[in-house]
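In what follows, a structure is listed as structure tokens, so that the remarks can point back to it.
Just so it is clear, none of the values below were taken in a lab; they were calculated from the coordinates. These numbers were taken from a predicted model, which means no experiment stands behind them. Positions of Cβ are generated from backbone atoms using ideal geometry, with glycine treated the same way; all protein chains shown enter the neighbour counts.
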Amino acid sequence: MKLTILGSGAWEGIPAPFCSCTTCHTAIENPTSKNSRTRPQFLFETDAGKFLIEISPDIRLQSTRFKLPPITNFIVSHWHFDHMYGLHELLSWMKKLNKKPTLYCSAKTKEVINAEFGYLPLIVEVLPPFEQIILYDVRITPFPVYHMFGRDNDILEENLDNTYGYLLEYDNKKIAYLGDYYRIPKTSLEKIQNVDVLIADGTYLFTDEYKDLKSNHIHNEKILELTKRTHAKTVYYHSISHLTHKTHDELQKLLPASHFISYDGMEISL
């Protein structure tokens, strides 16, 4: 199985619109560097086929830059703009297909898709928590996480169905994908122990920006504390924000061994 991180940036991307911070300026000066980041999207490939996790608003740019083949299966962690609203880019392409693409997601995400994307020729399949599917020989298990503070915080773990992470298993290898989160339920955390690869949110790595607010993300060292609790063999951080006020290389130097800052186009083979 091969994973390509097509987009490694947070919701605003880097450079962010109308921003003149040092991090964004570095990306503007060298738009092909690792400091230039589009919004999150992940390509998974096996001999049987290819699928995407997340549908980035930058999918048009990513599909041409990385010469993506037609993708007809999508998995989405939640319904926030930077993780799903690339769907708007796909209408003309969907009309040319002989079959409707299939999107897999949580129940709450489907509610938003029905309301915002009802015009698309699309099949939406709800995945109940921990109920497995097999896609191109990959066993995929959704698990709930706490992400949207105002919606999720008072919901019991057993009733959580808003934002998902995913465990992907293929040929005795395991990849865990954590989109956005501020807390991981105990059952979900147990599910992803000792994985070969953990793909984890790094929006607020080494920064306390917006920490005083009721945030949808964890911050600073708490990110490393959580990822270390999974005992993953290797950790890659995605959704990197200009709010870190650090370049790719500066962030990488602060990480422990076997922890890496991802970049657009990064390939991981298992």
>> Looking at segment 63-79 only, could you name the residues that are of a type outside the set (D, E, K, R) and in a helix (DSSP H, G or I)?
In response: Ser63, Thr64
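Filter segment 166-205 down to the residues that are among the acidic types (Asp, Glu) and touching a residue at least 40 places away in the same chain (Cβ under 8 Å), then identify the one that is surrounded by the fewest Cβ atoms within 10 Å (Cβ to Cβ).
Narrowing segment 166-205 to residues among the acidic types (Asp, Glu): 169, 171, 180, 190, 196, 201.
Remaining after also requiring touching a residue at least 40 places away in the same chain (Cβ under 8 Å): 171, 180, 196.
Values: Asp171: 9, Asp180: 25, Asp196: 15.
Only one residue tops the list, namely Asp171.
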> Pairs under 9 Å by beta carbon, first residue over 25 Å from Asp152 (Cα atoms) in segment 109-137, partner among the acidic types (Asp, Glu) and outside any strand (DSSP E or B), six or more apart or different chains?
Replying inline: Tyr136/Asp47; Asp137/Asp47; Asp137/Asp171
>> Checking Asp154 against (1) in contact with a strand residue (DSSP E or B) (Cβ under 6 Å, 6 or more places away or on another chain); (2) surrounded by fewer than 21 Cβ atoms within 10 Å (Cβ to Cβ); (3) acidic (Asp, Glu), only one condition comes out false. Which one?
In response: (1)
> When only residues in segment 81-102 that are crowded, with 20+ Cβ neighbours inside 10 Å and touching a residue at least 40 places away in the same chain (Cβ under 8 Å) count, which is nearest to Ile123 (Cα to Cα)?
Replying inline: Gly86
> Name the residues in segment 9-50 that are in a loop (DSSP other than H, G, I, E, B), surrounded by fewer than 24 Cβ atoms within 10 Å (Cβ to Cβ) and among the hydrophobic types (A, V, I, L, M, F, W, C), would you?
Replying inline: Trp11, Ala16, Phe18, Cys19, Cys21, Ala48
